[in-house]
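J.: My structure is below; once you've seen it, I'll send some questions.
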Amino acid sequence: MYIEDGELRSLYQIASAEHLQAIESGLLALETHPYDRSPLETLMREAHSLKGDSRMLGVTDAETLVHHLEEIFSQWRQGNLEPSPDLFEVLYRGLDAVKKIVHEAVTGEPANISTFHIAAELIQVLHSGTTQVPPNPSASSVTPSATDDDLDLGLDSLIAPHETFQEIPAPPTFEEEAVDPKTLATPDDRYQIESVRVASHKLDALMTTIGDLSLTQQRLARQQELITETLNYWEQLQAHTLASQRLLQPYPELFALRQHYDHLRQQLDTLGRSLQQLQARASVDEAYLTAVVGGLKHEIQNLQFLPLATIFNLLPRAVRDIAKEQNKQVRLIIEGAEVTVDRRILEGVKDPLIHLVRNALDHGIESPAERQQQGKPAEGTLTVRGRSQGNEVVIEVIDDGRGLDRSAIREAVLKRGLYTEAELAAMGPSEIEALIFTPGFSTRQQVSTLSGRGVGLDVVRTNVEELNGSLQVQSTPGQGCRFQITLQANRGTMAILVVRLQEYFYGLPIDAIATSLLLRQEEFLLEVSEPTLLWNNHPVPIAWLAVLLGQQTPPQPPPYPCVILRQGNRYRGLIVDEIVDFQNVQLKPPHPLLQQLPYLLGVTLLDNGEPCHLLRPSALMRTLDDAQMSRVFQPVAKPRILLVEDSLPIRTQLRRILERAGYEVTTAVDGADGFQQLRTGHFQAVVSDVEMPQQNGIEMTRRIRQLPEYKTLPIILVTTLAGASDRQRALAAGANAYLTKGNFDQTLLLDTLKELIHEQN
């Protein structure tokens, strides 16, 4: 069942997630202390609210199963059910089924759940015979159960007429007593909404607006500097005028000229007073705007921060299920769940964290029998810890298991041909341990439900590096292993090094940069085939950034501005045209036309108002490792493309795409202009819009094909006209390809262009 109403679907998604998380947390607490019935009151309340929400929105399967869960909690609370492992298994299966049904209701993806069979299991628990549970003297006292009406604080109470809506506090326990009307709340004591929920995409939009506002503030500061320069110029001009006037004093016959200077001085005095007032007002406005922007930026950034508990809360159930599956006893310790991190970091680190936890349970912690043979307690300990470290957040996954087997690592690496005996012999213990992050590495001989799925620790490291973070491992054989993820706490603001390639600016995250320097030709190692620098005793492969980005521009003469990238113990060098400056910038998502570029992390505006594309160091390093860098010294002749487009924004965007792909681009504003440009130059292909003034793209194509020398010239039309008849007219006129802007794919454009030029040659 899919909820059609978008607003109600969103509300149900948020409310049901909270109820399900509360129920799961309560079950985990009960499983640890089964005779402490205090969590059951909360479980009943959460189940009842979720049941009411599901009933109101027609999610009947969820309503049915949650109703049975509620009945079980009620019987348990009354002492009519004996807690047992089988009982918990049935409850968890029922809860998982509800999760899948809820997921179907909010996404439309089929749950593939047999509600009848799950309900039958739950009903069987209720009718399989009741056993009175003796009261636990140490258990917390339980307040009387609330009535159905008292508990029914479901989704209907969350629906508000505005886009934000209030959080509903847990309902109190009600007791029957007389109510004195005089004790009713006064207007000053009325209930206030203490918090609101805001969709994450709206926070992203606010952060983008703050970035634009910051740029305005920076421009105002530059205008203040311009006013100061103008005022200095005025002072010099006034002094020069006064000196000239004094020179005229001894000459009475120049009375008219002295009057002119007097008038000029009066005008300069007026101009000076105006400039001074303008400077004072601009200074006050700039200071005020700076304070407002800084405060607003700080507050909105705080809204983006969430506690690590947001993902740490997912671990107890996962650890419980995996340990049970593997017949292991594991105690999970969570520390630092209160540390706050940018939610975008949390979204990206969730999967790597869960993978490391699975890895610790599968590879690290031994079985109870094996642990006892080694003198360890049968129960293993897994610690997940979060902590702040300056502007970074550190997440550690620590187990007290067997640690890393270095001999097994060497054997696996040799077996898969990843390294040679000589290369392994030159490595230290930490370097051997780091080989577990090598693509294709595994010490497992057999596939299990946790391992051998084709996703190894190399993917975990890659995912962490995509967040501009690092992943390290420390191990003590026989005592355990520690994985440490280090990330920036705030992803919205980033410190970057700005570099230039031709007229374009690019940014590299500071955290990924080891150093920057100027390279002379003689500094390259001569004994290797690829350009390599020996830096701090590290051989560093070098490449031109323009080549990695597909621009294929010939290198500049030495010395070469070079940026050394660092990831773990790997170093790679990128040569650029110029190293510009360090800046703190606001990260914005790239335009849809550019989202397919693997190197692009985001876009921003620099202090001078120029656009800057932020690059992903991990993707650059992977490409550099795979490429044959010897070709970067060879100048490459660029194919010339004629781009015909009347829209300036689209023309600029397409020109940049083509230039980044290594083409030299000449632009024209319509078909007539395009034909004229074609006659005066030599081009390998034409990329054109269709609907343009004076002469459209189809007419231009027909005109081009009338000339014998252009019979085989590739012509690609890119247009919003997606009709079959439009396509047929274009192809009949002589176009080689017809691409629509509605589902524009720059990869398709570049691939088509490359193929057509290759066929022509």
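The values are calculated or read from the model by the stated rules, or taken from the named source; none is laboratory data. What you are looking at is a predicted structure, and each value in this text was computed from that prediction instead of being measured. When we count neighbours, we look across all protein chains shown, and the Cβ atoms used for this are built from the backbone with ideal geometry, even at glycine. Protein only, heavy atoms only, side chains kept; ligands, DNA and RNA dropped before computing areas. Shrake-Rupley method; radii C 1.70, N 1.55, O 1.52, S 1.80 Å.
J.: Got a number for residues in segment 76-120 being open to solvent by less than 50 Å² (accessible area, probe 1.4 Å) and either small (Gly, Ala, Ser) or more than 34 Å from the chain's Cα centre (by Cα) (or both)?
T.: Qualifying residue count, segment 76-120: 21.
J.: Residue 749 is checked against (1) more than 21 Å from residue 677 (Cα to Cα); (2) open to solvent by 80 Å² or more (accessible area, probe 1.4 Å); (3) touching a residue at least 40 places away in the same chain (Cβ under 8 Å) and fails just one. What number does that condition carry?
T.: So the condition that residue 749 fails would be (2).
J.: Answer with yes or no whether residue 81 is in a helix (DSSP H, G or I) and in contact with a helix residue (DSSP H, G or I) (Cβ under 7 Å, 6 or more places away or on another chain). Break it down into steps so the answer makes sense when it comes.
T.: Numbers: in a helix (DSSP H, G or I): no; in contact with a helix residue (DSSP H, G or I) (Cβ under 7 Å, 6 or more places away or on another chain): yes.
Considered against the rule, which asks whether it is in a helix (DSSP H, G or I) and in contact with a helix residue (DSSP H, G or I) (Cβ under 7 Å, 6 or more places away or on another chain), residue 81 comes out as no.
J.: Okay, next question. Quick one: which strands (runs of 3 or more DSSP E) lie wholly within segment 337-407 and hold at least 3 residues that are open to solvent by 50 Å² or more (accessible area, probe 1.4 Å) and at pLDDT 90 or above? Steps first, answer last, please.
T.: Working: elements: 340-342, 379-389, 392-399.
Fully inside segment 337-407 and qualifying: 379-389.
J.: Looking at this structure, is residue 41 touching a residue at least 60 places away in the same chain (Cβ under 8 Å) and open to solvent by 10 Å² or more (accessible area, probe 1.4 Å)? Reasoning before the result, please.
T.: Numbers: touching a residue at least 60 places away in the same chain (Cβ under 8 Å): yes; open to solvent by 10 Å² or more (accessible area, probe 1.4 Å): yes.
It is true that residue 41 is touching a residue at least 60 places away in the same chain (Cβ under 8 Å) and open to solvent by 10 Å² or more (accessible area, probe 1.4 Å).
J.: I've got another one for you. Residue pairs, Cβ under 6 Å, 6 or more apart or interchain, first in segment 53-79 and closer than 9 Å to residue 101 by Cβ, second hydroxyl-bearing (Ser, Thr, Tyr) and at pLDDT below 90. List them.
T.: The qualifying pairs are 61/115; 62/54.
J.: Among the listed residues 605, 587, 597, which satisfies the condition of being within 25 Å of residue 220 (Cα to Cα) and at pLDDT below 75?
T.: Values: 605 fails: at pLDDT below 75; 597 fails: within 25 Å of residue 220 (Cα to Cα).
One residue alone meets the criteria, 587.
J.: Anything in segment 612-626 that is at pLDDT below 85 and of a type outside the set (Ser, Thr, Tyr)? List them, or say none. Please lay out each step first, then the result.
T.: Of segment 612-626, the ones at pLDDT below 85 are 618-619, 621-626.
Selection gives 619, 621, 622, 624, 625, 626.
J.: Go through segment 706-722 and report how many residues are in contact (Cβ under 8 Å) with a residue 40 or more places away in the chain and hydroxyl-bearing (Ser, Thr, Tyr).
T.: Taking segment 706-722 first, the residues in contact (Cβ under 8 Å) with a residue 40 or more places away in the chain are 712-714, 716, 718.
Retained after the next criterion (residues that are hydroxyl-bearing (Ser, Thr, Tyr)): 712.
Counting residues in segment 706-722 that are in contact (Cβ under 8 Å) with a residue 40 or more places away in the chain and hydroxyl-bearing (Ser, Thr, Tyr) gives 1.
J.: While we're on this one: Cβ-Cβ below 8 Å, separation at least six or inter-chain, first residue in segment 604-618 and assigned to a strand (DSSP E or B), second among the basic types (Lys, Arg): which pairs?
T.: That search, which allows pairs on different chains as well, returns 604/588.
J.: I want to confirm something. Restricting to segment 428-443 and keeping residues that are assigned to a loop (DSSP other than H, G, I, E, B) and in contact with a helix residue (DSSP H, G or I) (Cβ under 8 Å, 6 or more places away or on another chain), which single residue is modelled with the highest pLDDT?
T.: Residues of segment 428-443 that are assigned to a loop (DSSP other than H, G, I, E, B), as a first pass: 428, 438-443.
So of that shortlist, the ones also in contact with a helix residue (DSSP H, G or I) (Cβ under 8 Å, 6 or more places away or on another chain) come out as 438-443.
Values: 438: 77, 439: 71, 440: 64, 441: 71, 442: 63, 443: 56.
Top of the filtered list is 438.
J.: Taking the conditions exactly as written (over 30 Å from residue 367 (Cα atoms), modelled with pLDDT under 80, more than 35 Å from the chain's Cα centre (by Cα) and open to solvent by 60 Å² or more (accessible area, probe 1.4 Å)), does residue 261 satisfy them or not?
T.: On the way: over 30 Å from residue 367 (Cα atoms): yes; modelled with pLDDT under 80: yes; more than 35 Å from the chain's Cα centre (by Cα): yes; open to solvent by 60 Å² or more (accessible area, probe 1.4 Å): no.
No, not satisfied.
J.: Just give me the residues in segment 264-303 being open to solvent by less than 60 Å² (accessible area, probe 1.4 Å), of a type in the set (Ser, Thr, Tyr) and within 33 Å of the chain's Cα centre (by Cα), in sequence order.
T.: Result: 290, single match.
J.: On to the next question. Which residues, taken from segment 267-307, are within 27 Å of residue 386 (Cα to Cα), of a type outside the set (A, V, I, L, M) and part of a helix (DSSP H, G or I)?
T.: 297, 298, 299, 301, 302, 304
J.: Give the residue that is nearest to residue 360 (Cα to Cα), with candidates limited to residues of segment 308-325 that are at pLDDT below 90 and not in a helix (DSSP H, G or I).
T.: Going through the qualifying residues, I end up with 314.
J.: Among what's in segment 5-35 and is among the acidic types (Asp, Glu) and at pLDDT 85 or above, pick the residue that is farthest from residue 115 (Cα to Cα). Write out each step before concluding.
T.: Going through segment 5-35, the residues among the acidic types (Asp, Glu) turn out to be 5, 7, 18, 24, 31.
The next check asks that each one be at pLDDT 85 or above; those that pass are 18, 24, 31.
Details: 18: 22, 24: 19, 31: 25 Å.
Ranking the qualifying residues of segment 5-35, first place goes to 31.
J.: Let me ask you something else. Going by the conditions given, is residue 478 open to solvent by 10 Å² or more (accessible area, probe 1.4 Å), part of a loop (DSSP other than H, G, I, E, B) and modelled with pLDDT of 85 or more? Let's see the steps before the verdict.
T.: Values: open to solvent by 10 Å² or more (accessible area, probe 1.4 Å): yes; part of a loop (DSSP other than H, G, I, E, B): yes; modelled with pLDDT of 85 or more: yes.
Answer is yes for this residue.
J.: Do the conditions hold for residue 413, that is, is it open to solvent by less than 20 Å² (accessible area, probe 1.4 Å), within 21 Å of the chain's Cα centre (by Cα) and among the β-branched types (Val, Ile, Thr)?
T.: Details: open to solvent by less than 20 Å² (accessible area, probe 1.4 Å): yes; within 21 Å of the chain's Cα centre (by Cα): no; among the β-branched types (Val, Ile, Thr): yes.
So residue 413 does not fit the description; no.
J.: Does residue 703 satisfy the condition of being touching a Phe, Trp or Tyr at 6+ places or on another chain (Cβ under 9 Å), open to solvent by 30 Å² or more (accessible area, probe 1.4 Å) and free of Cβ contacts under 8 Å to residues at least 12 places away in the same chain?
T.: Numbers: touching a Phe, Trp or Tyr at 6+ places or on another chain (Cβ under 9 Å): yes; open to solvent by 30 Å² or more (accessible area, probe 1.4 Å): yes; free of Cβ contacts under 8 Å to residues at least 12 places away in the same chain: no.
When the stated conditions are applied, residue 703 does not pass them.
J.: Does at least one position in segment 627-642 carry a residue that is more than 23 Å from residue 754 (Cα to Cα) and modelled with pLDDT of 75 or more?
T.: Looking through segment 627-642, none of the residues is more than 23 Å from residue 754 (Cα to Cα) and modelled with pLDDT of 75 or more.
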